[in-house]
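One structure is given here, and the rest of the page talks about it.
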Amino acid sequence: MNSSALTVRPIDSKADRKKFVDFAWDVYRDDPAWVPPLKDEVHGLLDPKKNPWFQHAKAQLWLAERGGKVVGRISAQVDQLVQDEMCQGTGQWGMYEVLDAEASAALIATAEDWLRQQGMKRALGPISLSIWDEPGLEIEGFDESPTAMMGHHRPEYQGWIEAAGYEKAKDLITYALDITNWQDPLIDRLIASGERNPRIRIRNVDKSKFDQEAALILNLLNDAWSNNWGYVPLTPAEIAYAGKKLKPIIFNELVRIAELDGEPVAFMLTIPDINELTKDLNGELFPFNFIKLLWRLRKPRTRRLRVPLMGVARKLHGSRLASQLAFMMIEFTRRDAVSKFGATHGEFGWILEDNKGMLSIAQLPGAEINHRYRIYEKAL
């Protein structure tokens with residue numbers, strides 16, 4: 001280890017923000033499973049002028065340096081919606097990347113001190129920046145590249161975080177399965193019964209009415225997820241922002257809305273694994289990579305698809321109809337995913353480890369847990 005003294009300082013300039021974002025390349029340069037994020041996306045996430053999350057939250061970023069070289073980074077954040085919806089006095093930290101145990105300890109302690117100064121009594125982490133972005137630390141599945149919008153971390157991080165006094169708050173899991181040919185007699189009968197039911201309609205999303213469809217889906221999401229641990233509602237501004245970001249990777253055949261007696265009551269959002277299309281771009285869109293990516297997105301052919309969001313209206317939770325609608329959306333999407341997009345594998349998640357309803361749906365024939373992410377907590 002370099003014997004120079006370790007310093008941790010808050011970042012306060014555009015140059016520092018660039019160092020903060022670019023540091024991930026130092027951490028993972030020799031990790032074949034890492035997928036470089038698009039730098040423009042990360043900068044947008046951290047920019048209060050672009051990300052409407054900052055309308056109800058604040059964050060501070062730090063760099064750890066030794067001998068003039070960045071050796072770690074971290075954020076700490078206080079979200080008013082977390083206070084209102086989850087628990088008063090709960091702060092969070094995230095954007096955690098680090099090269100050694102000493103820097104890890106110093107960064108976490110610095111983030112905790114800042115949270116205490118904000119009146120927080122408990123810390124949750126890593127969450128980068130909100131539960132809707134990249135929550136949790138990867139603790140299983142390091143050898144496989146993550147799918148789009150999921151994190152990837154060094155195995156050492158778990159020990160370093162636990163050494164700082166953190167304990168498990170909740171695990172988030174993803175399931176992977178071969179979608180080319182799966183059959184289950186019970187599920188097949190449930191789907192067939194639904195297809196005969198005139199009250200049920202499973203339709204594709206209509207991208208020509210994108211704003212209305214996005215608002216419908218994300219409002220359904222707010223209702224469906226409202227009882228989940230860690231839930232905070234998406235504000236109207238965040239719904240619009242999320243819709244704008246998702247629009248390039250939304251395809252009519254991969255997003256389903258379930259209607260009951262003409263009322264939208266469930267949805268399933270499936271996206272191509274964009275990581276397969278961006279991995280060779282090394283995080284850079286300009287000057288020419290954005291043209292390459294736009295071309296690839298015209299008709300994406302990815303091996304994997306991911307279901308990041310799925311929800312059934314709260315009034316149907318626990319009912320047979322909820323499962324029926326879910327399996328119908330899965331099967332109809334699976335058929336198009338294989339025939340029109342050439343996909344062979346799917347991933348469901350993340351799912352809370354104790355969300356029995358969603359786990360019962362995700363545990364499809366042949367499905368196996370491929371990644372596990374852990375959110376830690378500590379009293380401050």
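Tabulated data
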read-out	value
Where a residue in region 7-18 is touching a residue at least 60 places away in the same chain (Cβ under 8 Å) and its partner, wherever it lies, is not acidic (Asp, Glu), with Cβ under 7 Å and at least six apart	Val8/Trp62; Val8/Ala64; Val8/Ala106; Val8/Leu107; Val8/Thr110
Residues of region 209-240 classified as hydroxyl-bearing (Ser, Thr, Tyr) and either in contact with a strand residue (DSSP E or B) (Cβ under 8 Å, 6 or more places away or on another chain) or outside any loop (DSSP other than H, G, I, E, B) (or both), total	0
Criterion (assigned by TED's automatic domain parsing to the domain that holds Gln183 and exposed (fewer than 12 other Cβ atoms within 10 Å of the Cβ)) met by exactly one of Leu309, Leu305, Leu294	Leu294
Residue in region 57-66 that is without any contact (Cβ under 8 Å) to a residue 12 or more places away in the chain and either farther than 16 Å from Trp93 by Cα or outside any strand (DSSP E or B) (or both) present	no
Failed condition for Gln83, given (1) touching a residue at least 24 places away in the same chain (Cβ under 8 Å); (2) surrounded by 16 or more Cβ atoms within 10 Å (Cβ to Cβ)	(1)
In region 327-354, the residues that are part of a loop (DSSP other than H, G, I, E, B) and surrounded by fewer than 19 Cβ atoms within 10 Å (Cβ to Cβ)	Gly342, Thr344, Glu353, Asp354
Tally of residues being of a type outside the set (A, V, I, L, M, F, W, C), over 15 Å from the mean Cα position of the chain (by Cα) and not in a loop (DSSP other than H, G, I, E, B) across region 137-159	5
Members of region 179-191 that are in contact (Cβ under 8 Å) with a residue 60 or more places away in the chain and not acidic (Asp, Glu)	Ile179, Thr180, Trp182, Gln183, Ile187, Leu190, Ile191
Pair list, Cβ < 6 Å and 6+ apart or interchain, from region 24-50 residues that are outside the structural domain of Gly283 (by TED's automatic domain parsing) and more than 24 Å from Glu65 (Cα to Cα) to residues that are not small (Gly, Ala, Ser) and not in a loop (DSSP other than H, G, I, E, B)	Val35/Asn275; Val35/Lys279; Pro48/Phe54
Residues satisfying the stated conditions in region 346-380, i.e. within 16 Å of Ile330 (Cβ to Cβ) and charged (D, E, K, R)	Glu347
Boolean, Trp93 is more than 19 Å from the chain's Cα centre (by Cα) and not assigned by TED's automatic domain parsing to the domain that holds Leu285	no
Number of positions in region 192-233 that are without any contact (Cβ under 8 Å) to a residue 24 or more places away in the chain and either in contact with a Phe, Trp or Tyr (Cβ under 7 Å, 6 or more places away or on another chain) or surrounded by 15 or more Cβ atoms within 10 Å (Cβ to Cβ) (or both)	2
Residues being of a type in the set (Gly, Ala, Ser), touching a residue at least 60 places away in the same chain (Cβ under 8 Å), more than 23 Å from Ser130 (Cα to Cα) and touching a Gly at 6+ places or on another chain (Cβ under 9 Å) - total across region 353-380	2
Scan of region 1-41 for residues that are farther than 15 Å from Val98 by Cα and part of a helix (DSSP H, G or I), ordered by number	Lys14, Ala15, Asp16, Arg17, Lys18, Lys39, Asp40, Glu41
Among residues of region 80-101, those that are under 19 Å from His43 (Cα atoms) and of a type in the set (D, E, K, R), counted	1
Inter-residue pairs, beta-carbon under 9 Å, first on the phi < 0 side of the Ramachandran plot and in region 330-352, second among the hydroxyl-bearing types (Ser, Thr, Tyr) and assigned to a helix (DSSP H, G or I), 6+ apart	Gly346/Thr333
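The values are calculated or read from the model by the stated rules, or taken from the named source; none is laboratory data. For clarity, every value in this text was computed on a predicted model and none was experimentally measured. Cβ atoms come from the backbone with ideal geometry, glycine included; neighbour counts cover every protein chain shown.
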